[in-house]
Amino acid sequence: MSDQQKKPARKTPGPEQARASLAGYLADRPQLATFARDMLRAFEEFEADDARARLAAAGAARKEWKKYEPHVPELILDARDAGASGAEIAADLGMNPSYVFRILREKGRYSYRLDVFDDPDIGPGWQAEENGDGSTDVDDKGAFADPAALVEEIRQGCLGERRAHLRARVLLWKGPDLGPDDAAAYVREWPSSHTTEQ
């Protein structure tokens with residue numbers, strides 16, 4: 001007879017039997033049982049801490065992204081002006097290319113200057129108060145979609161309620177750079193309704 005025929009086949013213990021065996025083993029060794037419980041607790045705490053750390057990291061990344069999110073259209077337009085393709089921009093931002101191409105189609109860059117007239121704090125006549133740039137909706141031809149609303153928003157943002165009574169004008173140029181006054185694409189004055197569009 002071969003060795004295999006002489007030895008009875010060993011049965012693999014089932015889960016219940018294995019747990020009972022382990023419990024019996026640990027019952028005879030209280031220090032080992034305490035150590036095992038401590039290790040299990042430490043592992044569970046590590047898992048919980050690790051999950052909280054991942055959650056905190058995700059929350060921090062989301063908060064950081066929220067700072068950039070309102071400026072994403074401007075970043076996309078700037079990247080295009082610097083020579084990047086829509087596909088490259090989408091890859092760099094980790095965004096869907098269709099979103100990037102929609103921004104490139106529907107948004108345009110603008111620059112503005114807000115002037116005030118006879119402001120006692122600045123001086124007589126028209127004086128530059130503030131300038132800046134941003135992005136806004138454009139129509140199919142690349143013209144500002146709603147320049148009147150845009151300049152009103154700029155005026156209110158710059159002057160606020162306290163200085164809203166001042167005579168003011170906003171000049172808009174296409175692109176991120178200010179140009180000469182006569183090259184402005186849109187000009188509006190307050191309190192008069194003087195508006196020019198080029």
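Looking only at segment 118-131, how many residues end up being surrounded by fewer than 17 Cβ atoms within 10 Å (Cβ to Cβ) and assigned to a strand (DSSP E or B)?
The total comes to 8.
Identify all residues within segment 122-132 that are under 30 Å from PRO70 (Cβ atoms) and out of contact with any Cys (no Cβ under 7 Å at 6 or more places or on another chain); write none if there are none.
Those that are under 30 Å from PRO70 (Cβ atoms) and out of contact with any Cys (no Cβ under 7 Å at 6 or more places or on another chain): ILE122, GLN127, ALA128, ASN131, GLY132.
Limited to segment 132-144, what total is found for residues that are more than 13 Å from TRP173 (Cβ to Cβ) and open to solvent by 60 Å² or more (accessible area, probe 1.4 Å)?
Total satisfying the criteria: 4.
Checking ALA148 against (1) in contact (Cβ under 8 Å) with a residue 12 or more places away in the chain; (2) open to solvent by 70 Å² or more (accessible area, probe 1.4 Å); (3) not basic (Lys, Arg), only one condition comes out false. Which one?
It is condition (2) that ALA148 fails.
In the set SER98, SER135, which member is under 27 Å from GLU69 (Cα atoms), of a type in the set (Ser, Thr, Tyr) and touching a residue at least 60 places away in the same chain (Cβ under 8 Å)?
That would be SER135, the only listed residue that is under 27 Å from GLU69 (Cα atoms), of a type in the set (Ser, Thr, Tyr) and touching a residue at least 60 places away in the same chain (Cβ under 8 Å).
In segment 72-86, which residue that is aliphatic (A, V, I, L, M) and in contact (Cβ under 8 Å) with a residue 12 or more places away in the chain is nearest to GLY175 (Cα to Cα)?
My answer is LEU77.
Count, please, the residues in segment 152-177 that happen to be surrounded by 14 or more Cβ atoms within 10 Å (Cβ to Cβ) and either in a helix (DSSP H, G or I) or under 26 Å from the mean Cα position of the chain (by Cα) (or both).
Number of matching residues: 9.
The values are calculated or read from the model by the stated rules, or taken from the named source; none is laboratory data. Only a predicted model underlies this, so the values are computations on that prediction, with no experimental measurement involved. Backbone-built Cβ (ideal geometry, glycine too); neighbour counts: all protein chains shown. SASA here: full protein model, heavy atoms, side chains in, ligands and nucleic acids out. Shrake-Rupley method; radii C 1.70, N 1.55, O 1.52, S 1.80 Å.
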